[in-house]
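J.: Mind looking over this structure? Questions follow.
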Amino acid sequence: MKPDYELKPAMKKMQIQSLRKEQIKPIQSILKGHDTIVSAPTSMGKSLIYQLPALVHTHQLTLVIEPTLALIYDQVKKLQDFGISADYLDHTRSKSQEMSVLAALSKGSLTFLYVTPERLQSTRFQASLSMCDLYMVVIDECHCITEWGYTFRDAYLQIGQFIEELPRKPMVFACSATIQEHTVEDLSDKLHLDAPKWFRCDLTRKNLILMKKDLTMEDRSLENRLYSRFKAVKKAVRKYQDTGSVVIYASTIDYVDALYDYLSEYFPGQVVGNHSKMKPHKKEKMLLDFLTGQRKIMVATTAFGMGVDVPDIELVLHFNVPLSMVDYVQQIGRGGRDGRKCRCVLFYEQNGDDQKIFASFCKKSQNSKMLKQRYQEMQDFVHSTGCMQQDILAYFGQATEKTCQKCTNCAKERRK
Amino acid sequence: MKIERGIHTFSLTAPCSYHTIQELRETQSHYVRKISGARLTKIISLNKYKPQGVEILLTQSIDHRSWIRLIINPSSLCSGRYEPLALFQAEHADLKQIHKRLKEIIKELDLPMKLKDFKLNRVDLTRNLYCKSSEEVKVRLDIFRKSEQLPHYKEKNLRHKSGERDEAVDQPLYANKKNQHSWTTCAKNCEFSVYDKGYELKKQHGITILSSILRLELRISRQRLQKLAGKGNWEDQLHQLSKDQDKIMDKFLHRLHQDFPQVVHREEAFKRIEKSSFQKRTKDKMRELVKKMSSCGSFTAARQKMGLSKKSFIQLLGKFKKIKISPIPLLEKFVRSSLYSE
């Protein structure tokens, strides 16, 4: 399948030779003016699906809603490097910078504007947007609508209303690697989509080797149990890291800091951290060090993840069981983006330590019932004896008979 | 004898996130005071404000709550320089000054909590007894060693450092000298310490003072503090404790049986007993107690040797109160005939 002729200049601008079949179909849907939803595996190149049609309509604005600032900075930088008119609005921008972005909006000189969903609630922003020619609204990582909207970012639930209130309804494009079959309807409903076209790609990531490790201990002291987990992290990093990078996910900021401290002793000058409480300049520096490969080990909370494009990650380690399957799949999706083999090691235990962390999250949440359900799904996955890859695909509604032959459960089965 | 009374140290504490401590560790000069076996819990000391009278202790733990503790020498904080002997009276004007200074420190450190989030964790009610000689200090210290052993209290072995304490008496210098210059008894929420302040200053800070000072410190902490000072904010609590300090200290000394007005030699004690109007049987018991007190380590040991119940022992001590002498006799080699407590 060949891309349309009208895409050629846009592809040239972004220095792209060819597109995948899975990318062309949704691009055509967008160019035809349909609301579109794309579910594609991590590292498939989802961003291009909306960027190319937006570049075809370069005189109109494409508004992109991203969940994290890291993602915004990354995307805007990439586009600006290609000489494309792209900018962003966030809390770090001064009033004068914000005014100049809004002025560019009203002049129609901006092709891409990146924001977080919270920005849509600003009346000044709404007023500026109502005056410009809006081609498309993109909701990147749209699973956040159902994942976070009900818990701690209700701004996600207001996106639909925002689109509805625009003077002329633009086309809507939503994409994610983790859309479940039953959430498509919910998404379509929340975003007020008109008969959206849904494109689902094969979600299998063949280069990810899924592993899990039971760290249940009889020791009564939590400190000792944690210490043994810390040692297991060190061991896994030594075993699986070759020349590439490592990402270690922990559930709490405290664990991230403690792991950062601990690992810095054994891997001096190699470790960086990332969580929401870190001071912006420090966080930025650490992120940059990791993205540029100066430091190879990243310890982070869930805040670090979606859209982070470090090609050489060869180990993704979960220090705690993630809160949901979506989190888990998003996080392991950071690995092996350059096609190399990536080990995804999941630590779990039956002492109830992770359960306690989950309970504390539940207490803070307004929708604990949904959180519990998701956590249970994750627990079912952890304790399942079937192929881990198959379990993940089944969770997202993709049936496959082939087992991966590489995960912990498949390896166990082979040894029998 | 000249006696000074007041608060020497108090500490304020607030829960703190692991991350806040991490940030402090990265930005401030510090040293790790204690580390747990698994190395995941640390007690860290920031000394930046110590010359101004504020030591900051951080307890960073992954499995328990993390804390920040401000250990404040209020006299030093008010004057802006180290005041080892000054004792603080918590009057409103001074408290205001302390409040202002602490607020500045919190701001300088960029701590996420406010001063009102801190709770009073410990107060050292202190008395400086100005003795005539260092020998008198030693003699008085020996008298304190013979105090009643209170239930739930244990004599502190200073060979084991407590880690979180800031007091000089916790330092190993006393441990090496077999506690020659200090005596401490402690329970969960209260600690009473008697020590030679001159010796401590010389060894710890290299400061020589001309006076011979015996310091009595009653360190009250946690629930006990709330019981004595009420549930108000830390400034109100400090003010209340400062107001009630004599009452609290006297009550504690009474429990230790250290509230007798005069201490005399054995012969003098016998003379006074003989002169008294008590019955012969009582006089015999009193004499026996004086003898036992010169040989036994404490009131408790003497009572047990005499086979007396606690009630009758207290009654017997009451007789000593009437003749205004302590049952603990002065050592023969001590040249002065008597020591007055007031």
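The values are calculated or read from the model by the stated rules, or taken from the named source; none is laboratory data. None of the values given here were measured: they were computed from a predicted structure. Because the Cβ atoms are built from the backbone with ideal geometry, glycine has one as well, and the counts that use them run over all protein chains shown. Just the protein is used for accessible areas: all its heavy atoms, side chains included, with ligands, DNA and RNA removed. Shrake-Rupley method; radii C 1.70, N 1.55, O 1.52, S 1.80 Å.
J.: Given the criterion in contact with a Cys (Cβ under 6 Å, 6 or more places away or on another chain), more than 14 Å from chain A (Cβ to nearest Cβ), modelled with pLDDT of 90 or more and open to solvent by less than 40 Å² (accessible area, probe 1.4 Å), identify the matching residue among B:I98, B:I7, B:I68.
T.: Being in contact with a Cys (Cβ under 6 Å, 6 or more places away or on another chain), more than 14 Å from chain A (Cβ to nearest Cβ), modelled with pLDDT of 90 or more and open to solvent by less than 40 Å² (accessible area, probe 1.4 Å) holds for just one of B:I98, B:I7, B:I68, which is B:I68.
J.: Could you check, for the stretch B:169-180, whether at least one of its residues is over 30 Å from B:L115 (Cα atoms), buried (at least 22 other Cβ atoms within 10 Å of the Cβ) and either more than 15 Å from the chain's Cα centre (by Cα) or at pLDDT below 85 (or both)?
T.: Yes; the residues of the stretch B:169-180 include at least one that is over 30 Å from B:L115 (Cα atoms), buried (at least 22 other Cβ atoms within 10 Å of the Cβ) and either more than 15 Å from the chain's Cα centre (by Cα) or at pLDDT below 85 (or both).
J.: Answer yes or no as to whether B:T300 is within 22 Å of B:R255 (Cβ to Cβ), in a helix (DSSP H, G or I) and of a type in the set (S, T, Y).
T.: Answer is yes for this residue.
J.: Right, next: Just to be sure I understand the filter: pairs with C-beta atoms under 6 Å, separated by 6 or more residues or on different chains, first member in the stretch B:214-225 and surrounded by fewer than 22 Cβ atoms within 10 Å (Cβ to Cβ), second member in a helix (DSSP H, G or I). Which pairs pass?
T.: These pairs meet every condition: B:L218/B:M249; B:L218/B:F252.
J.: Follow-up question, since we're still on this one. Within the stretch A:104-126, track down each residue that is open to solvent by 50 Å² or more (accessible area, probe 1.4 Å) and out of contact with any helix residue (DSSP H, G or I) (no Cβ under 8 Å at 6 or more places or on another chain).
T.: Matches in the stretch A:104-126: A:K107, A:S109, A:T123.
J.: Still on this structure, please answer the following. Taking helices (runs of 4 or more DSSP H) that do not extend beyond the stretch A:29-147, which have at least 2 residues that are touching a strand residue (DSSP E or B) at 6+ places or on another chain (Cβ under 6 Å)?
T.: Where helices (runs of 4 or more DSSP H) fall fully within the stretch A:29-147 and carry at least 2 residues being touching a strand residue (DSSP E or B) at 6+ places or on another chain (Cβ under 6 Å), they are A:46-56, A:69-81.
J.: May I ask you to list the residues in the stretch B:31-56 that are over 27 Å from the mean Cα position of the chain (by Cα) and modelled with pLDDT of 90 or more?
T.: Selection gives B:T41 alone.
J.: Which residue is nearest to A:Y328 (Cα to Cα), if the candidates are limited to the stretch A:144-157 and must be modelled with pLDDT of 85 or more and open to solvent by less than 10 Å² (accessible area, probe 1.4 Å)?
T.: The selected residue is A:C144.
J.: Against the condition part of a helix (DSSP H, G or I) and either at pLDDT below 90 or open to solvent by 20 Å² or more (accessible area, probe 1.4 Å) (or both), how does B:D142 come out, does it pass?
T.: Here the answer is yes, as B:D142 does meet what is asked.
J.: Given the conditions (1) within 14 Å of chain B (Cβ to nearest Cβ); (2) more than 24 Å from B:Y18 (Cα to Cα), which single one is not true for A:R229?
T.: (2)
J.: Name the residue that is nearest to the other protein chains (Cβ to nearest Cβ), counting only residues in the stretch B:10-47 that are touching a Gly at 6+ places or on another chain (Cβ under 9 Å) and surrounded by fewer than 18 Cβ atoms within 10 Å (Cβ to Cβ).
T.: B:K34
J.: Could I ask something else about it? Please go through the stretch B:190-211 and pick out each residue that is touching a helix residue (DSSP H, G or I) at 6+ places or on another chain (Cβ under 6 Å) and modelled with pLDDT of 90 or more.
T.: The answer is B:C190, B:S193, B:V194, B:Y195, B:D196.
J.: Sticking with this structure for a sec: Quickly run through the stretch B:256-290 and pick out the residues that are exposed (fewer than 15 other Cβ atoms within 10 Å of the Cβ) and either among the aliphatic types (A, V, I, L, M) or within 18 Å of B:K146 (Cα to Cα) (or both).
T.: B:P261, the sole residue that qualifies.
J.: If the requirement is being within 14 Å of chain B (Cβ to nearest Cβ) and at pLDDT 90 or above, which of these qualifies: A:V299, A:V321?
T.: When all the criteria are applied, what remains is A:V299.
J.: For the subset of the stretch B:101-113 comprising residues that are closer than 14 Å to B:L12 by Cβ and in a helix (DSSP H, G or I), which member is most open to solvent (accessible area, probe 1.4 Å)?
T.: B:K103
J.: When A:Q294 is evaluated against the numbered criteria (1) away from every other protein chain (no Cβ under 14 Å); (2) under 17 Å from the mean Cα position of the chain (by Cα), which criterion, by number, is the only one it fails?
T.: (2) is the only condition that A:Q294 fails.
J.: May I ask you to list pairs of residues, at least six apart or on different chains, whose Cβ atoms are under 6 Å apart, with the first in the stretch A:142-168 being over 19 Å from A:P196 (Cβ atoms) and the second being open to solvent by 20 Å² or more (accessible area, probe 1.4 Å) and modelled with pLDDT of 90 or more?
T.: Once the first residue is over 19 Å from A:P196 (Cβ atoms) and sits in the stretch A:142-168, its partners that are open to solvent by 20 Å² or more (accessible area, probe 1.4 Å) and modelled with pLDDT of 90 or more give A:A155/A:E118.
J.: Something else about it: Have a look at A:M370, A:M388, A:M378 and point out the one that is out of contact with any Gly (no Cβ under 9 Å at 6 or more places or on another chain), farther than 29 Å from A:D257 by Cα, of a type outside the set (D, E, K, R) and in contact (Cβ under 8 Å) with a residue 12 or more places away in the chain.
T.: Just one listed residue meets the conditions, A:M388.
J.: Which residue is surrounded by the most Cβ atoms within 10 Å (Cβ to Cβ), if the candidates are limited to the stretch A:210-246 and must be polar (S, T, N, Q) and in contact (Cβ under 8 Å) with a residue 12 or more places away in the chain?
T.: Here the answer is A:S245.
J.: Another question about this same structure. Of B:A90, B:A86, which residue is among the hydrophobic types (A, V, I, L, M, F, W, C), touching a helix residue (DSSP H, G or I) at 6+ places or on another chain (Cβ under 8 Å) and crowded, with 20+ Cβ neighbours inside 10 Å?
T.: B:A90
J.: Identify the single condition in (1) farther than 24 Å from B:L125 by Cα; (2) open to solvent by 20 Å² or more (accessible area, probe 1.4 Å); (3) within 14 Å of chain A (Cβ to nearest Cβ) that B:Q60 does not satisfy, given that it satisfies every other one.
T.: (2)
J.: Are any residues in the stretch A:262-281 open to solvent by less than 40 Å² (accessible area, probe 1.4 Å) and at the interface with chain B (Cβ under 10 Å from one of its Cβ atoms), and if so, which ones?
T.: A:Y262, A:G273, A:H275, A:M278
J.: Another one. List every residue pair whose Cβ atoms lie under 7 Å apart, where the two residues are 6 or more positions apart in sequence or sit on different chains, the first residue falls within the stretch A:247-261 and is free of Cβ contacts under 8 Å to residues at least 12 places away in the same chain and within 11 Å of chain B (Cβ to nearest Cβ), and the second residue, located anywhere, is open to solvent by less than 20 Å² (accessible area, probe 1.4 Å) and among the aliphatic types (A, V, I, L, M).
T.: The qualifying pairs are A:D254/B:I62.
J.: For the stretch A:244-265, name all the residues that are over 18 Å from B:G37 (Cβ atoms) and over 24 Å from the mean Cα position of the chain (by Cα).
T.: Matches in the stretch A:244-265: A:L263, A:S264.
J.: Next question, about the same structure. Hey, can you tell me all the residues within the stretch B:303-317 that are over 14 Å from B:K146 (Cβ atoms), open to solvent by 30 Å² or more (accessible area, probe 1.4 Å) and in a helix (DSSP H, G or I)?
T.: Once the filter is applied, which keeps residues that are over 14 Å from B:K146 (Cβ atoms), open to solvent by 30 Å² or more (accessible area, probe 1.4 Å) and in a helix (DSSP H, G or I), the stretch B:303-317 yields B:K310, B:K311, B:S312, B:I314, B:Q315.
J.: Give the residues of the stretch A:282-306 that are open to solvent by less than 60 Å² (accessible area, probe 1.4 Å) and more than 19 Å from A:I253 (Cβ to Cβ), sorted by residue number.
T.: A:D289, A:G293, A:R295, A:K296
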